[in-house]
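The values are calculated or read from the model by the stated rules, or taken from the named source; none is laboratory data. Not measured: the values here are computed from a predicted model. Cβ atoms come from the backbone with ideal geometry, glycine included; neighbour counts cover every protein chain shown. Accessible surface is based on the protein model in full, side chains and every heavy atom, while ligands, DNA and RNA are left aside. Shrake-Rupley method; radii C 1.70, N 1.55, O 1.52, S 1.80 Å.
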Amino acid sequence: MTGRPFVVAIDGPVASGKGTLARRLADRFGFAHLDSGALYRATALLVLDQAGDPADPVTAEAAARRVDLQLLSDPRLRGEAVSAAASMVAATPAVRRALLDWQRNFAAHPPPPAKGAVIDGRDIGSIVCPAAEVKLFVTASAEERTRRRVEELRQGGSAAIFEHVLQDLKERDARDTGRRASPLVAAPDAIVIDTTTLVADAVFERASDFIARALKEKEWQQ
């Protein structure tokens, strides 16, 4: 494959299944994968480790500028407190600016031998990579996303309560969609996939078909 890397942008709310889908698609097509949410969770973790306030713009921006690749694999990033704080730091314009170039550089120069990138997050198709060859917006009902999140938390040893997780999820949805800086929104040309009643394999096959067609149309070679 020649020319600039092939980019797949996947956006959607928390627990919609976009992360799992992105990893599978990256493996399927030999592309590099970036969970952009990990950048914000890493920022949140750095703030919490210093007993800082995730809602404080100065503290959050300083933390964002200290994020590195090694931190993205820290298991603590999946904790509920970090996830909630990540939604707060992500609402800070200065944080988003600090991490924007990082994400765009990954898309333009995916780690070799990958000839393309799959990036998932909240504003990939709308802000980070508006020229992505394929844009997907993956969503599901709040109740189904809560069920998935509760299952994930309980598998990790947390005594998660459905009602509490649902309330937290709705609050995070409100922050993500209502923030002034890069709100969660489907790009006008994004393909929307509602996963509420779909099994993961069905979502994967549907998304794979979209990408395969786009690759063929642009005459990319895997």
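Charges only on Cβ, +1 for Lys and Arg, -1 for Asp and Glu: so what's the dipole of the chain about the Cα centre, in debye to the nearest 20? It would help to have the intermediate numbers written out before the result.
Working: 30 positive and 30 negative charges, 80 e Å.
Roughly 380 debye, rounded to the nearest 20.
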Open item on the list: Per residue, how much accessible surface does the chain expose to a 1.4 Å probe? Answer in Å², no decimals.
Closed with: 49 Å²
Task: Shape box of region 148-187 [Cα atoms, principal axes, largest first, Å] - done: 35, 18, 13
Task: Eligible lysines near Lys18 by straight Cα distance, threshold 20 Å, same-chain separation 8 or greater - done: Lys135, Lys170
Task: Largest to smallest principal axis extent of the C-alpha atoms in region 176-222, angstrom - done: 39, 28, 16
Open item on the list: Can you compute 3J(HN,Hα) from phi for each residue in region 11-24, using the Karplus curve 6.51 cos²θ - 1.76 cosθ + 1.60 with θ = phi - 60°, rounded to whole Hz and x for Gly and Pro?
Closed with: 10, x, x, 4, 6, 7, x, 5, x, 4, 4, 4, 5, 5
Open item on the list: Quick check: net charge around Leu77, other residues with Cβ under 14 Å of its Cβ, Lys/Arg +1 and Asp/Glu -1?
Closed with: -3
- [ ] For region 138-208, report the translational diffusion coefficient in µm²/s to the nearest whole number, using Stokes-Einstein at 4 °C, 1.567 mPa s, and a Kirkwood Rh over Cα pairs.
- [x] 94 µm²/s
TODO: Report, largest value first, the span of the C-alpha coordinates of region 40-132 along each principal axis, in whole Å.
DONE: 40, 25, 20
TODO: With N denoting the number of residues in region 1-91, provide Rg(C-alpha) divided by 2.2 N^0.38 Å, to two decimal places.
DONE: 1.20
- [ ] Report, to the nearest whole %, how much of the accessible area of region 78-134 belongs to carbon and sulfur atoms, 1.4 Å probe, protein only.
- [x] 64 percent
Open item on the list: When a/c reaches 1.5 or more, the comparison of a/b and b/c decides; with that in mind, is the chain rounded, prolate or oblate per its Cα gyration tensor?
Closed with: oblate
Open item on the list: Using the Cα centre of region 131-176 as the reference point, and only Cβ charges (+1 on K/R, -1 on D/E), how large is the resulting charge dipole? Debye, rounded to the nearest 20.
Closed with: 40 debye
